[in-house]
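In what follows, a structure is listed as structure tokens, so that the remarks can point back to it.
The values are calculated or read from the model by the stated rules, or taken from the named source; none is laboratory data. All values derive from a computational prediction rather than experimental measurement. Here the Cβ is made from the backbone with ideal geometry for all residues, glycine too, and neighbour counts use every protein chain on show.
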Amino acid sequence: MDPLRSIMLSVNKHFINFTMKMAFDFHGSGWPESGNERLSQTWELQPSAEHMETDKFLNQEAYWDSSAEKKEFTTPFQMELFKKFVAKDARILDVGCGYGRTLNELYLSGFTHLFGIDFSKKMIERGETLYPHLNFQQSESGIIPFKDNTFDAVILLAVLTCIVSDHEQEKLIKEIQRVLRNGAIVYINDFLLNSDRRNRERYDKYESTYHNYGTFQLPEGALLRHHTRQRIYELTDIFSDIIFEPVNYKTMNGNRSNGFYYMGVNNS
């Protein structure tokens, strides 16, 4: 969704929730005879079903908070590949860490300086309960609350799929580059487009709503995006490629999907 559409949806959201009560006891030319006349007619603006549905999916923080205790993430992490390029004492940031599943895998593999951020308060709280030995921090969506050149590696697992806007995706990738040191590693796992009928139908259904092909809604409230390879190439163009590998894996809801893992070097 482009920024202008986002602004317009926000304005419309407040407008349709505002109830206008106007009443006139018409006299003669149609104007109230005096300011003391009792209001006798009322109009109320009601939100359309379409707007109510769209608004529901715009608040993804609420969705992830409500799902924090029951979702089990399944996106695989290529640990052996990661070990070849990242030292055990490296400072590693997991952006969109959820409840810390992958951070704990790194901890168990001997990595010692681990940090995770997520915009979902409930996900962070679950992580702090499950893995009190890890460093978690709630952060604003799209903002990384660390100084420039802080990390030796950043990992981004199934996060781009949760960001449907091109602009917001690009903003996040630039934030990642900002906090990476020169020569640091970026590792990304995410989803690619699928060609089966179920996915094609939902891509088609929501293309006009979100202005890109591959974005779709789930009945439970999630708003997700699958990507073309070209889109991933565009996003990672600021890094020097090490590997881009297509894969197929299970989603958080138990379905199969095309995906990829990518590793690159920050040479800024």
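The table below gives the values:
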| quantity | calculated |
| --- | --- |
| Sole exception among (1) over 26 Å from Gly259 (Cα atoms); (2) surrounded by 22 or more Cβ atoms within 10 Å (Cβ to Cβ) for Gly96, by number | (1) |
| Cβ pairs under 6 Å, 6+ apart, first in region 116-129 and modelled with pLDDT of 95 or more, second part of a helix (DSSP H, G or I) | Gly116/Leu103 |
| Qualifying residue in region 124-136 (condition: of a type in the set (Ser, Thr, Tyr) and under 17 Å from Met263 (Cα atoms)) | no |
| Any hit, region 247-261, residues being closer than 20 Å to Lys174 by Cβ, surrounded by fewer than 18 Cβ atoms within 10 Å (Cβ to Cβ) and out of contact with any Leu (no Cβ under 8 Å at 6 or more places or on another chain) | no |
| Unmet criterion (only one of (1) in contact (Cβ under 8 Å) with a residue 24 or more places away in the chain; (2) surrounded by fewer than 19 Cβ atoms within 10 Å (Cβ to Cβ); (3) in contact with a Ser or Thr (Cβ under 8 Å, 6 or more places away or on another chain)) for Glu207 | (1) |
| Residue within region 191-211 that is within 20 Å of Cys97 (Cβ to Cβ) and among the hydrophobic types (A, V, I, L, M, F, W, C) present | yes |
| Sole residue being within 14 Å of Ile185 (Cβ to Cβ), at pLDDT 95 or above and not small (Gly, Ala, Ser), chosen from Leu108, Leu93, Leu134 | Leu93 |
| In region 234-257, residue nearest to Glu80 (Cα to Cα) [restricted to those that are at pLDDT 95 or above and charged (D, E, K, R)] | Glu245 |
| Residue count for region 130-152, restricted to those that are touching a helix residue (DSSP H, G or I) at 6+ places or on another chain (Cβ under 8 Å) and in a strand (DSSP E or B) | 4 |
| Only listed residue being within 30 Å of Asn212 (Cα to Cα) and out of contact with any Lys or Arg (no Cβ under 7 Å at 6 or more places or on another chain), chosen from Thr161, Thr102, Thr129 | Thr102 |
| Residues located in region 110-129, provided they are small (Gly, Ala, Ser) and not in a helix (DSSP H, G or I) | Gly110, Gly116, Ser120 |
| Verdict on Ile173 being touching a helix residue (DSSP H, G or I) at 6+ places or on another chain (Cβ under 6 Å), under 23 Å from Thr150 (Cβ atoms), assigned to a strand (DSSP E or B) and modelled with pLDDT of 95 or more | no |
| Of residues in region 207-231 being in contact with a Gly (Cβ under 9 Å, 6 or more places away or on another chain) and not in a strand (DSSP E or B), the one farthest from Lys88 (Cα to Cα) | Glu207 |
